[in-house]
Amino acid sequence: MAGAFLDASVPTDNFLRRRDARAKLIALLAVLIALSLSRAHLGALLLLLVLPLVCALAARLPVLNLLRRAALVLPFCAIFAIFAWLDHDRNGAALLVIRACAAGCNAVLFVAVTPISELLRALEQFHAPRFLLTVTQLLYRYLFVLMEDAQQARTAARSRGGFKGSFGFRGAAGALAVLFARSHMRADQINQAMISRGYNGGLPVLHPHSFRIADAILIAISLTLSGGIAFAVRY
Amino acid sequence: MHIPDGFLSTPVWGTLDAVAIPTVAWISRSAQNSFDQHRAPLLGVLGAFVFAAQMINFPVGIGTSGHLVGGALLMFTLGPGAASIVMTAILILQSLVFQDGGVLALGANVCNMAIAGVFAAYLVQRTFGPRRLTYFVGGAVSLLVSAMLALSELLLSGVRMPRSVLWASVALFVVSALVEGAITLVVMESLEKINPGFVRDGGRRSSSLIPAVALTSFVLVTVGFLIASSQPDGIWSLAARVGLATHAQATLSTPLADYKAGFINQPWLSRAFAGIGGLCLVYIVCWAISRFALRRNAGTPRSA
């Protein structure tokens, strides 16, 4: 199944993967805040761009894949960078691209070493609304199933000539409505199956991480580094 | 419309995160109370549906196609609270798994799409009731409010954009909004044919005037300052010409004087903050007066 791809890409035997998700989340937020506070300082931005790449190398993660995923932000920031360039602000254009890429690399590294179930568990421990987290987890679980349904609907439509001509718009709407009805039916079935297995409104994690000294060290390093960068660019 | 990290300035993302966190917590609690918790799978699967629905492209002419964004469609089928929660869940996954939108900018994206976009569609539904026009206008207004808020936040953060490009962006958003409205309309019509039970009627309509005024105020206060003139009004212009303006003195200094939040340096952010703050204050004062009046009326015995 296509859905297995994202979880399969997360390695299970490196020092970052073994850290508690809460520590990694705090470290990510600290780095991103430092990035936001040093938005006009090239040196600080380059350091925060290189840092996740070094961590990825140390954790034996595929750096090229990480860069490829982080580059998803490029089309959006390229538009604004071009405006700044045309406005004779070449420095601003470069800073914008580096800033967006650095933020993307840090976020991708975090996702690559943190399975979504552990992330949602960490958010629950930070008192995020449980109902929202349950919906998010179920959404993630059935996302790829429904995407395959949509893919099949699209393939079926293409085999009949696609959504073209005067019927095209209504045809596509009909396909979406059928997908909605199927999703609704599937949700009812999932609900009944979950209740029959003892579902009480929450989804338990089978092997939760415990918070260790190494997690505290990770937080301390990230806060010191981020605080140091923010302090250095200010004074 | 998904703003990545690195674009918004610290005051902008900080403020919007500070607004989004308690608002989502409150909506989540309200939705949990009004929505059977055991039906969480329905919300999760319908969130996945919105993701999947974006794979089906709609032909919109001249060799181009568009796809559903889905905030209004979720609102019309699940209600405002549940729709906000599903949109928030979608934005969390898009930001953390698909790199579509930033982590620090998540609050901004939630405010734009999951709160303001859904709320705009809800106000349209409360104004017009369950009819075809509602679906079209709801879908269009929902997307337009979200897009214009995103644009405003980028401008407030100092992202450079020439005036011609700004207006081209606004025109593009209007076209996208019309496409979203049309898609929402035809999908809702198809859903009504398959099963009318899928569509919520939006509850009892007490008066269409109040939601209409609220919707207009909300749109004006959030995006109106983009097109507002910086010239003084008639009285101030006259006062300046006859030399009276220099003699004007404020007897009381207030934080929102001259429709600006004095403690914010950025001019547009200052005006937007003052606008939203003013709207909230007026609402609270009117609400308090009406509560007081109702309580007094309830306590006064009626003469026979």
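The values are calculated or read from the model by the stated rules, or taken from the named source; none is laboratory data. Everything numeric in this text was worked out from a predicted model, so none of it was measured. When we count neighbours, we look across all protein chains shown, and the Cβ atoms used for this are built from the backbone with ideal geometry, even at glycine.
Those residues that are touching a Leu at 6+ places or on another chain (Cβ under 8 Å) and over 20 Å from A:G227 (Cα atoms), I need them from segment A:13-52; list them, please.
Residues satisfying the conditions are A:N14, A:L16, A:R19, A:A21.
In the set B:L166, B:L151, B:L143, B:L156, which member is over 23 Å from B:I115 (Cβ atoms) and more than 9 Å from chain A (Cβ to nearest Cβ)?
Unique residue meeting the criteria: B:L166.
Determine if segment A:173-180 includes at least one residue that is within 8 Å of chain B (Cβ to nearest Cβ), touching a residue at least 40 places away in the same chain (Cβ under 8 Å) and crowded, with 16+ Cβ neighbours inside 10 Å.
Within segment A:173-180, not a single residue is within 8 Å of chain B (Cβ to nearest Cβ), touching a residue at least 40 places away in the same chain (Cβ under 8 Å) and crowded, with 16+ Cβ neighbours inside 10 Å.
So, A:R158, is that one modelled with pLDDT under 80, assigned to a helix (DSSP H, G or I) and either assigned by TED's automatic domain parsing to the domain that holds A:R17 or exposed (fewer than 12 other Cβ atoms within 10 Å of the Cβ) (or both) or not?
Yes.
Within segment A:103-144, how many residues are facing another protein chain (nearest Cβ under 7 Å) and among the hydrophobic types (A, V, I, L, M, F, W, C)?
12
For segment A:130-153, enumerate the residues that are among the β-branched types (V, I, T) and free of Cβ contacts under 8 Å to residues at least 12 places away in the same chain.
A:V135
Return yes when A:A30 is in the same structural domain as A:A230 (by TED's automatic domain parsing) and either over 14 Å from the mean Cα position of the chain (by Cα) or within 26 Å of A:A232 (Cβ to Cβ) (or both) and no when it is not.
Considered against the rule, which asks whether it is in the same structural domain as A:A230 (by TED's automatic domain parsing) and either over 14 Å from the mean Cα position of the chain (by Cα) or within 26 Å of A:A232 (Cβ to Cβ) (or both), A:A30 comes out as yes.
From the residues in segment B:1-20 that are part of a helix (DSSP H, G or I) and facing chain A (nearest Cβ under 9 Å), which one is surrounded by the most Cβ atoms within 10 Å (Cβ to Cβ)?
B:W13
Give the residue, chosen from A:V97, A:V135, that is outside the structural domain of A:L49 (by TED's automatic domain parsing), among the β-branched types (V, I, T) and in a helix (DSSP H, G or I).
From the options A:V97, A:V135, the qualifying one is A:V135.
Taking segment A:34-79, which residues are farther than 18 Å from B:S9 by Cβ and of a type in the set (S, T, N, Q)?
A:N65 - this is the single residue of segment A:34-79 that is farther than 18 Å from B:S9 by Cβ and of a type in the set (S, T, N, Q).
Name the residues in segment B:30-58 that are farther than 15 Å from A:L179 by Cα and more than 7 Å from every other protein chain (Cβ to nearest Cβ), would you?
Answer for segment B:30-58, where residues must be farther than 15 Å from A:L179 by Cα and more than 7 Å from every other protein chain (Cβ to nearest Cβ): B:S30, B:N33, B:S34, B:F35, B:D36.
Can you pull out the residues in segment B:119-133 that are in contact (Cβ under 8 Å) with a residue 12 or more places away in the chain and either under 21 Å from A:F76 (Cα atoms) or away from chain A (no Cβ under 14 Å) (or both)?
Residues satisfying the conditions are B:F119, B:A120, B:A121, B:Y122, B:L123, B:V124, B:Q125, B:R126, B:T127, B:F128, B:G129, B:P130.
Take the conditions at pLDDT 90 or above and at the interface with another protein chain (Cβ under 10 Å from one of its Cβ atoms) and apply them to A:I98. Does it pass?
In short, yes.
Name the one entry in B:Q54, B:Q32, B:Q99 that is at pLDDT below 85, under 27 Å from A:I79 (Cα atoms) and in contact with a helix residue (DSSP H, G or I) (Cβ under 7 Å, 6 or more places away or on another chain).
Going through B:Q54, B:Q32, B:Q99 in turn, the sole match is B:Q99.
Quick one: is B:G70 farther than 18 Å from B:A18 by Cα, of a type outside the set (D, E, K, R) and buried (at least 24 other Cβ atoms within 10 Å of the Cβ)?
Yes; evaluated as a whole, the condition is true for this residue.
Tally up the residues in segment A:53-95 that are within 11 Å of chain B (Cβ to nearest Cβ) and either over 19 Å from the mean Cα position of the chain (by Cα) or not small (G, A, S) (or both), please.
23
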